[in-house]
Amino acid sequence: MKVLGIDPGTRILGWCVVDGNRRMQKFIAGGIYRVGAKKTERGLLKIYDAVSELIEKFSPDILVLESPFFGMNARTLIRLGEARGAILVAGSHRDIPIESISPAEAKLALTGNGNATKEQVAYMVKNILKPDMELTLDASDAAAVAIAYLHRKEFDLRT
């Protein structure tokens with residue numbers, strides 16, 4: 001199964017494409033997309049276009065987003081919700097199934113600790129996927145949600 005993992009952000013959007021299952025995952029591609037728009041509407045359009053381009057280029061079976069956590073301030077949470085909306089519309093427009101993974105679930109799936117640091121998650125992503133490039137923390141977070149989804153999917157099939 002080919003998964004497009006996304007770590008949504010209003011300034012930087014992390015992404016990673018992973019192919020595989022619970023036992024084995026293969027790195028396809030990953031990186032970041034700098035939104036950098038001064039106006040919110042412009043930034044949302046950039047996010048929509050970036051995700052649309054990733055879907056067209058990699059033809060994923062599913063799009064998996066990191067869900068927001070409640071420790072954020074209200075303004076950040078609203079802006080992140082708008083970014084997620086642009087991503088959801090891009091995926092829905094192309095009939096791609098969409099799931100969400102919480103940061104804690106992704107951390108737990110990769111490190112065994114739901115409170116792991118971003119650096120610990122990045123270390124595990126590097127060891128699991130062995131990407132042919134250095135991934136930023138945002139791209140590593142995107143890879144983590146993709147891997148966590150593959151772990152969850154296989155567990156759901158067994159229950």
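Which one of VAL89, ASN115, SER100 is farthest out on the positive end of the charge dipole of the stretch 62-127, using unit charges on Cβ (Lys, Arg +1; Asp, Glu -1) and the Cα centre as origin?
Among VAL89, ASN115, SER100, the one farthest towards the positive end of the dipole of the stretch 62-127 is ASN115.
Please compute the length gained on full extension between GLU119 and ASP49, using 0.36 nm multiplied by the number of residues separating them and subtracting their Cα-Cα distance.
Working: separation 70, 0.36 × 70 = 25.20 nm, distance 2.90 nm.
Net length gain for the segment: 22.3 nm.
Choose one of GLN25, TYR149, THR40: the residue whose Cα lies farthest towards the positive end of the charge dipole of the chain (beta-carbon charges +1 Lys, Arg; -1 Asp, Glu; about the Cα centre).
THR40
Report the full-extension gain for the segment GLU56 to MET24: residue separation times 0.36 nm, less the Cα-Cα distance, to one decimal in nm. Could you put the intermediate results ahead of the total?
Numbers: separation 32, 0.36 × 32 = 11.52 nm, distance 2.45 nm.
Residue separation times 0.36 nm, minus the Cα-Cα distance, leaves 9.1 nm.
Quick check: net charge around THR10, other residues with Cβ under 14 Å of its Cβ, Lys/Arg +1 and Asp/Glu -1?
Working: positive: ARG11, ARG34, LYS38, LYS39, ARG42, LYS46, ARG75, ARG79, ARG84; negative: ASP7, GLU41, GLU66, GLU82, ASP138.
Surrounding charge for THR10 is +4.
For VAL35, what charge total do you get from the other residues with a beta carbon under 10 Å from its beta carbon, if Lys and Arg give +1 and Asp and Glu give -1?
On the way: positive: ARG11, ARG34, ARG42, LYS46; negative: none.
Taking every other residue near VAL35 into account, the sum is +4.
Return one quarter of the surface area of the convex hull spanned by the alpha-carbon atoms of the stretch 95-145, equal to its mean projected area, in nm².
On the way: hull surface 15.6 nm².
If you wrap the Cα atoms of the stretch 95-145 in a convex hull and average its projections, you get 3.9 nm².
In deg cm²/dmol and to the nearest 500, what is the mean residue ellipticity at 222 nm of the chain if only DSSP H runs of at least 4 residues count, each as -39500 (n - 2.57), divided by the residue total?
Numbers: 5 runs with 82 residues, N = 159.
Helix-only estimate at 222 nm: -17000 deg cm²/dmol.
Using the structure shown, list the pairs from LYS38/LYS153; LYS2/LYS107; LYS39/LYS126; LYS57/LYS130 with a Cα-Cα distance above 31 Å, or answer none.
Values: LYS38/LYS153 38 Å; LYS2/LYS107 20 Å; LYS39/LYS126 35 Å; LYS57/LYS130 22 Å.
Check vs 31 Å cut-off fails for LYS38/LYS153; LYS39/LYS126.
Taking a spot 7 Å from the Cα of LYS39 along the direction of its beta carbon, which residues of the stretch 1-29 have an amide N less than 12 Å from it?
So the set is empty, nothing qualifies.
Roughly what % antiparallel, to the nearest 5, for the DSSP beta bridges in the chain? Write out the running numbers ahead of the final one.
Details: 15 of 23 bridges.
Of the beta bridges lying entirely in the chain, close to 65 percent run antiparallel.
Per residue and in Å³, how big is the convex hull formed by the alpha-carbon atoms of the stretch 1-95?
94
Given contacts defined as C-alpha pairs under 8 Å and at least six residues apart, what's the relative contact order of the chain, whole-number percent?
On the way: 300 pairs, mean separation 52.1, N = 159.
Normalised by residue count, the contact order of the chain is 33 percent.
Given springs between every Cα pair under 10 Å in a Gaussian network model of the chain, which of LYS39, LYS107, LYS118 has the largest fluctuation?
LYS39
Nothing charged except the Cβ atoms of Lys and Arg (+1) and of Asp and Glu (-1): what's the magnitude of the dipole of the chain about its Cα centre? Round to the nearest 20 debye. Don't jump to the answer; show the numbers that get you there.
Numbers: 22 positive and 19 negative charges, 50 e Å.
Its charge dipole is roughly 240 debye.
Within the stretch 65-142, what whole-number % of the accessible surface is contributed by carbon and sulfur, with the 1.4 Å probe and all protein chains included in the calculation?
On the way: 2560 of 4470 Å².
For the stretch 65-142, the apolar C and S fraction of the accessible surface comes to 57 percent.
How compact and how long is the chain, expressed as Rg and Dmax of its alpha-carbon atoms in Å?
Here Rg and the maximum Cα pair distance are 14.5, 47 Å.
Find out how many positive minus negative residues lie around ALA144, taking Lys and Arg as positive, Asp and Glu as negative, among other residues whose Cβ is under 9 Å from that of ALA144. Numbers along the way, then the final one.
Working: positive: LYS107; negative: ASP7, GLU66, ASP141.
Result for the local shell: -2.
Leaving out ligands and nucleic acids, and using a 1.4 Å probe, what accessible area per residue does the stretch 26-78 come to in Å²?
Working: 3380 Å² over 53 residues.
It amounts to 64 Å² per residue over the stretch 26-78.
Could you tell me which helices of the chain pass both thresholds, a Cα extent of 18 Å or more along their own axis and a mean Kyte-Doolittle hydropathy of at least -0.5, with helices taken as whole DSSP H runs? All intermediate terms of the calculation are to be shown ahead of the outcome.
Working: long enough: 40-58 (27 Å, -0.02); 74-93 (28 Å, 0.44); 137-158 (32 Å, 0.07).
Sorted by number, the helices that extend far enough and score high enough are 40-58, 74-93, 137-158.
At most 16 other C-beta atoms within 10 Å and a DSSP loop state: those are the exposed chymotrypsin sites (Phe, Trp or Tyr not before Pro) I care about. Give me the longest piece of the chain that has none.
Details: sites that count: PHE69, PHE70.
Here the longest run is 71-159.
When a/c reaches 1.5 or more, the comparison of a/b and b/c decides; with that in mind, is the stretch 47-97 rounded, prolate or oblate per its Cα gyration tensor? Write out the running numbers ahead of the final one.
Working: a/c = 2.94, a/b = 2.20, b/c = 1.34.
Verdict is prolate for the stretch 47-97.
The values are calculated or read from the model by the stated rules, or taken from the named source; none is laboratory data. None of these values were measured; they are calculated from a predicted model. Every residue, glycine as well, gets a Cβ built from its backbone with ideal geometry; the counts of neighbours run over all protein chains shown. Each accessible area value is taken on the protein alone, full model and side chains, heavy atoms only, with ligands, DNA and RNA left out. Shrake-Rupley method; radii C 1.70, N 1.55, O 1.52, S 1.80 Å.
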